[in-house]
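Please read the structure below before turning to the comments.
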């Protein structure tokens, strides 16, 4: 898929162990861009399915997934408005309530409850982009890639101070 240069890329072998651990920003790109395009092309209106009932079921799962994608996309917008906050809460509520309907073995988790508090944080602190930690995660990744041998060395700064 051709994407703009500003869009975070994801490993071409996503899902394989060799792809490694994804960063939070890569998960966001997969969830809000690549996954919706893939699911719409597989399950959307006009796609070939085994039966009408299978097509209806997959359409329900697609709509349910798009509620979560919409909530994440709204929370990640660069600016926040009252209507966006309300739409976030609406999509999240629709997704959580649809869990038990579409996936009978699904359990409600504390994370589902906590996700509703993001609405409060949007109201208090503004767009998620102003308080998320992707820049710090990037810096930690850069520091982890620095060569090292896990041994403590001499502190050259000490010698500079006494000379």
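The values are calculated or read from the model by the stated rules, or taken from the named source; none is laboratory data. This is a predicted model, so every value here is computed, not measured. Glycine gets a Cβ as well: all are built from the backbone with ideal geometry, and neighbour counts include every protein chain shown.
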For residue 80, all conditions in the list (1) crowded, with 17+ Cβ neighbours inside 10 Å; (2) assigned to a loop (DSSP other than H, G, I, E, B); (3) out of contact with any helix residue (DSSP H, G or I) (no Cβ under 8 Å at 6 or more places or on another chain) hold save one; what is the number of the exception? (3)
With respect to residue 70, is the statement that it is within 17 Å of the chain's Cα centre (by Cα), part of a helix (DSSP H, G or I) and closer than 28 Å to residue 44 by Cβ true? yes
When you scan the range 15-28, do you find a residue that is surrounded by 14 or more Cβ atoms within 10 Å (Cβ to Cβ) and modelled with pLDDT of 90 or more, even just one? no
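Determine if the range 45-62 includes at least one residue that is within 25 Å of residue 11 (Cα to Cα), in a helix (DSSP H, G or I) and out of contact with any strand residue (DSSP E or B) (no Cβ under 6 Å at 6 or more places or on another chain).
Yes, that holds for at least one residue.
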Pick from the range 118-129 the residues that are under 16 Å from the mean Cα position of the chain (by Cα) and in a helix (DSSP H, G or I): which of them is farthest from residue 88 (Cα to Cα)? 129
Please verify whether the range 3-14 includes one or more residues that are in a loop (DSSP other than H, G, I, E, B), modelled with pLDDT of 85 or more and either surrounded by 14 or more Cβ atoms within 10 Å (Cβ to Cβ) or in contact with a helix residue (DSSP H, G or I) (Cβ under 8 Å, 6 or more places away or on another chain) (or both). yes
